[in-house]
Amino acid sequence: MSDTALQQTFALVPATVTRYHAFALRILKETLQRLPEASIHWWRSEEECRQDMELIIVRHPLLCGAMGSIDGMNVLVAESDDPEIENATFNGWLHGHYTSLVLVFSPRGLLKACVFNAPGSWHDAKVARPIYQKLRTKTPAGYYLVADTAFPRGTESIAGRIQAPLKANDALPIDPIEREDLLNQNRQLVSFRQTTEWGVRQLRAGFARLRLPLDINDPVGRGDLLEARPGGTIL
């Protein structure tokens with residue numbers, strides 16, 4: 001709930017609520033950082049990638065090599081009085097002020113990577129650069145992530161490491177067999193990509209604080225809040 005609702009319910013002054021809110025959040029974050037179960041780990045071996053791929057191809061047999069899904073998430077923030085901060089957080093597509101996240105999920109429902117608290121005016125391609133680095137250096141050849149059509153495939157250095165469904169203006173093969181094969185794979189990409197939407201929805205639904213504008217003047221507190229939501233330590 002909002003700080004105002006807490007103040008009204010328990011007859012507290014704003015200073016008290018703000019102080020204990022920050023104090024409790026810091027305890028939660030530090031506790032999560034000490035829990036191995038709360039750590040966010042990238043795939044640690046080719047065997048782990050293969051196991052996740054096998055879970056995916058049970059339902060989507062044409063997605064051989066897929067190991068997870070990736071998508072962006074926007075969290076509402078208050079508008080800043082500082083013109084530079086206001087401009088950095090304004091998202092022209094959503095017509096509001098946001099901080100951006102990029103999340104990677106495995107087919108087991110685990111969060112495998114997270115980039116958060118980035119300016120809302122940045123495109124997912126820029127926010128996801130640390131994830132591109134993991135795809136280049138920590139991912140065995142032949143494995144890739146599934147994204148939606150709005151998410152960029154990345155640079156040439158990670159060519160084939162992010163796959164997405166066809167766009168409306170993409171050309172299809174003239175050969176009917178090749179065209180049908182491509183469309184079948186495309187349908188499975190669309191189907192599996194939905195899993196990351198469920199993951200994002202789970203984070204929002206389970207943490208009502210994200211439905212209220214975050215404090216734009218407290219980047220450290222905002223970062224603590226976002227880090228405490230997906231987990232503890234990001235490795």
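The values are calculated or read from the model by the stated rules, or taken from the named source; none is laboratory data. What you see is a predicted model, and the numbers here were worked out from it, not measured in a lab. Ideal geometry is used to build each Cβ from the backbone, glycine not excepted, and the neighbour counts take in all protein chains shown.
Being in the same structural domain as ARG222 (by TED's automatic domain parsing), surrounded by fewer than 17 Cβ atoms within 10 Å (Cβ to Cβ) and under 18 Å from the mean Cα position of the chain (by Cα) is the requirement here; does ALA125 meet it?
Details: in the same structural domain as ARG222 (by TED's automatic domain parsing): yes; surrounded by fewer than 17 Cβ atoms within 10 Å (Cβ to Cβ): yes; under 18 Å from the mean Cα position of the chain (by Cα): yes.
Yes, satisfied.
Check whether at least one residue in segment 8-21 is assigned to a helix (DSSP H, G or I), in contact with a Leu (Cβ under 6 Å, 6 or more places away or on another chain), among the hydrophobic types (A, V, I, L, M, F, W, C) and surrounded by 15 or more Cβ atoms within 10 Å (Cβ to Cβ), and report yes or no. Yes, segment 8-21 contains at least one residue that is assigned to a helix (DSSP H, G or I), in contact with a Leu (Cβ under 6 Å, 6 or more places away or on another chain), among the hydrophobic types (A, V, I, L, M, F, W, C) and surrounded by 15 or more Cβ atoms within 10 Å (Cβ to Cβ). If the requirement is being among the basic types (Lys, Arg), in contact with a strand residue (DSSP E or B) (Cβ under 6 Å, 6 or more places away or on another chain) and either loosely packed, with under 14 Cβ neighbours inside 10 Å or touching a residue at least 24 places away in the same chain (Cβ under 8 Å) (or both), which of these qualifies: ARG193, ARG211, ARG229, ARG201? Exactly one of ARG193, ARG211, ARG229, ARG201 is among the basic types (Lys, Arg), in contact with a strand residue (DSSP E or B) (Cβ under 6 Å, 6 or more places away or on another chain) and either loosely packed, with under 14 Cβ neighbours inside 10 Å or touching a residue at least 24 places away in the same chain (Cβ under 8 Å) (or both), namely ARG193. If you go through segment 150-203 and pick out every residue that is in a loop (DSSP other than H, G, I, E, B), within 23 Å of SER100 (Cβ to Cβ) and at pLDDT 85 or above, you end up with 3.
Would you point out the residue of segment 128-140, among those that are in contact (Cβ under 8 Å) with a residue 60 or more places away in the chain and more than 14 Å from the chain's Cα centre (by Cα), that is surrounded by the fewest Cβ atoms within 10 Å (Cβ to Cβ)? Step through it out loud before you land on a result.
Kept after step one, since they are in contact (Cβ under 8 Å) with a residue 60 or more places away in the chain, are these residues of segment 128-140: 131, 134, 138-140.
Imposing the further condition that a residue be more than 14 Å from the chain's Cα centre (by Cα) reduces the set to 134, 138-140.
Details: LYS134: 17, LYS138: 12, THR139: 18, PRO140: 14.
Ranking the qualifying residues of segment 128-140, first place goes to LYS138.
Only one residue in LEU76, LEU32, LEU25 is buried (at least 17 other Cβ atoms within 10 Å of the Cβ), under 28 Å from PRO130 (Cα atoms) and out of contact with any strand residue (DSSP E or B) (no Cβ under 7 Å at 6 or more places or on another chain). Which one? Quick ask: steps written out before the conclusion?
Working: LEU76 fails: out of contact with any strand residue (DSSP E or B) (no Cβ under 7 Å at 6 or more places or on another chain); LEU25 fails: buried (at least 17 other Cβ atoms within 10 Å of the Cβ).
That would be LEU32, the only listed residue that is buried (at least 17 other Cβ atoms within 10 Å of the Cβ), under 28 Å from PRO130 (Cα atoms) and out of contact with any strand residue (DSSP E or B) (no Cβ under 7 Å at 6 or more places or on another chain).
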